[in-house]
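Worksheet for the structure shown next.
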Amino acid sequence: MIKKITTLYFSATGTTEKIVTGIAEKIAKNHGGEITISNFDFTLPEARKKTISFDKDSLVIAGVPVYAGRVPNVLLKFLNTISGNDATAVAVVLYGNRHYDDALIEFKDILESNGFNVIAGGAFIGEHSFSETLGADRPDEQDMAVTADFADKIYDKMKTPGKNPAVVVSGNKPYMEYYRPKDQNGNFVSILKVTPRTNSDCIDCKLCSEVCPMGSIDLDDVSKITGICIKCCACVKKCPVGAKYFDDENYLWHKHELEVAFTGTRRKPECFI
Ligand SMILES: Cc1cc2nc3c(=O)[nH]c(=O)nc-3n(C[C@H](O)[C@H](O)[C@H](O)COP(=O)(O)O)c2cc1C
Ligand code: SF4
Ligand code: SF4
């Protein structure tokens, strides 16, 4: 049986963190509380400079958001530096009520290729980074109930004697190409170079600069973007006065299309064990 639990996640707007933490806490509770949980949050650039490794006594609840139907490509380099050393892992992906496509199978494969024994996987829904209506306020109570049930099943699987079999999750190989937005005429467009703007309500509190996972918001002038922007919307959603926003036409059209197509249906979490 495992002796320690670690949550390992990237979570720009907090939804991945909520599910991963929920799973870890419920498993620890089932253990009778005699197990410790440590957290490794690799959302900020400084954390991704560290080297991290586990051992066979560890259970790692690992989570990433789904970006363009896949594991965010900016995280691949860091993810491939982690050593599992035969630790047990649960792969979790969070998506914004469109679809998780091949992100879960890709994440499971990454963990396995780095020495983890992945015994369970789950695709959960969180409020879409771009929107306040798509997947609004999720994960909610219903999602957390599914999370707790999933944690119970993981705990039961770990109690069975011998090495736990690897999980099979949904997804295709080869993985799909990264999902691409379209403009108003239905032509594929790239929003890779799009960056947020800052309006005059800004009180210069610097929070946006502190929470940017790419370290791309200039601390001295928060209206300046100095590096790449992954459109994670941490700066937009965490700004206390709503001063950060996107005004790019293609970005706004893509957001609109997603809201029109996917707000009406509540997608359900899928758990594989
Ligand atoms: C660049 C980008 C691409 C995204 N692509 C998808 C997608 O393909 N499918 C989807 O349902 N949600 C997509 N989302 C939404 C996120 O997966 C979702 O909001 C997730 O809950 C964010 O996790 P976090 O709160 O831990 O940052 C995307 C978000 C961003 C920023
Ligand atoms: S978080 Fe908002 S108010 Fe604070 S510095 Fe950034 S834009 Fe300005
Ligand atoms: S500047 Fe871009 S990458 Fe940085 S927090 Fe804002 S949306 Fe995310």
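Here's the yes/no breakdown for (1) surrounded by 20 or more Cβ atoms within 10 Å (Cβ to Cβ); (2) at positive phi; (3) not small (G, A, S):
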site	(1), (2), (3)
S53	no, no, no
S58	yes, no, no
F78	no, no, yes
I82	yes, no, yes
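Within segment 85-119, the set of residues being more than 16 Å from the chain's Cα centre (by Cα) and crowded, with 23+ Cβ neighbours inside 10 Å comprises A87, T88, F116, V118.
The single condition from (1) open to solvent by 10 Å² or more (accessible area, probe 1.4 Å); (2) away from ligand 1 (no atom under 14 Å from the Cβ) that H128 fails is (2).
Entry remark, segment 20-31: residues being within 16 Å of ligand 1 (Cβ to nearest atom) and over 19 Å from L44 (Cα atoms) number 3 in total. One residue stands out in segment 74-127 among those that are in a helix (DSSP H, G or I) and small (G, A, S): the one that is farthest from H256 (Cα to Cα), namely S113.
In segment 84-100, the residues that are at pLDDT 95 or above reach residues that are within 16 Å of ligand 3 (Cβ to nearest atom) and open to solvent by 20 Å² or more (accessible area, probe 1.4 Å) with C-beta atoms within less than 6 angstrom, at least six apart or across chains, in these pairs: V93/V66; L94/T15; Y95/V66; G96/H128; Y100/V66. Among the residues making up segment 237-252, those that are more than 9 Å from ligand 2 (Cβ to nearest atom) and open to solvent by less than 40 Å² (accessible area, probe 1.4 Å) are F246, Y251. Residues of segment 12-42 that are touching a residue at least 40 places away in the same chain (Cβ under 8 Å), in a loop (DSSP other than H, G, I, E, B) and buried (at least 21 other Cβ atoms within 10 Å of the Cβ): A12, T13.
Looking across segment 217-273 at every residue that is of a type in the set (S, T, N, Q) and closer than 26 Å to I125 by Cβ, the one that is farthest from ligand 3 (Cβ to nearest atom) is identified as T265. Exactly one residue out of T195, T226 is open to solvent by 40 Å² or more (accessible area, probe 1.4 Å), of a type outside the set (A, V, I, L, M), within 16 Å of ligand 2 (Cβ to nearest atom) and without any contact (Cβ under 8 Å) to a residue 24 or more places away in the chain, and it is T226. For the criterion of being outside the structural domain of Y95 (by TED's automatic domain parsing), small (G, A, S) and in contact with a helix residue (DSSP H, G or I) (Cβ under 9 Å, 6 or more places away or on another chain), S170 fails.
For every residue, the table says whether it meets (1) farther than 23 Å from L44 by Cα; (2) among the aromatic types (F, W, Y); (3) modelled with pLDDT of 95 or more; (4) under 24 Å from the mean Cα position of the chain (by Cα).
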position	(1), (2), (3), (4)
N199	yes, no, yes, no
G215	no, no, yes, yes
D218	no, no, yes, no
C229	no, no, yes, yes
V241	no, no, yes, no
D247	yes, no, yes, no
L252	yes, no, yes, yes
H256	yes, no, yes, yes
K268	yes, no, yes, yes
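The number of residues in segment 143-160 that are over 15 Å from G121 (Cβ atoms), touching a residue at least 40 places away in the same chain (Cβ under 8 Å) and over 22 Å from the mean Cα position of the chain (by Cα) comes to 2.
Residues of segment 198-210 that are crowded, with 18+ Cβ neighbours inside 10 Å and in contact with a Leu (Cβ under 8 Å, 6 or more places away or on another chain): S209 alone.
The values are calculated or read from the model by the stated rules, or taken from the named source; none is laboratory data. Because the structure is predicted, anything quoted here is derived from the model rather than measured. Virtual Cβ from ideal backbone geometry, glycine too; neighbours counted across all protein chains shown. The protein model used for the area step is the full one, side chains on, heavy atoms only, and it has no ligands, DNA or RNA in it. Shrake-Rupley method; radii C 1.70, N 1.55, O 1.52, S 1.80 Å.
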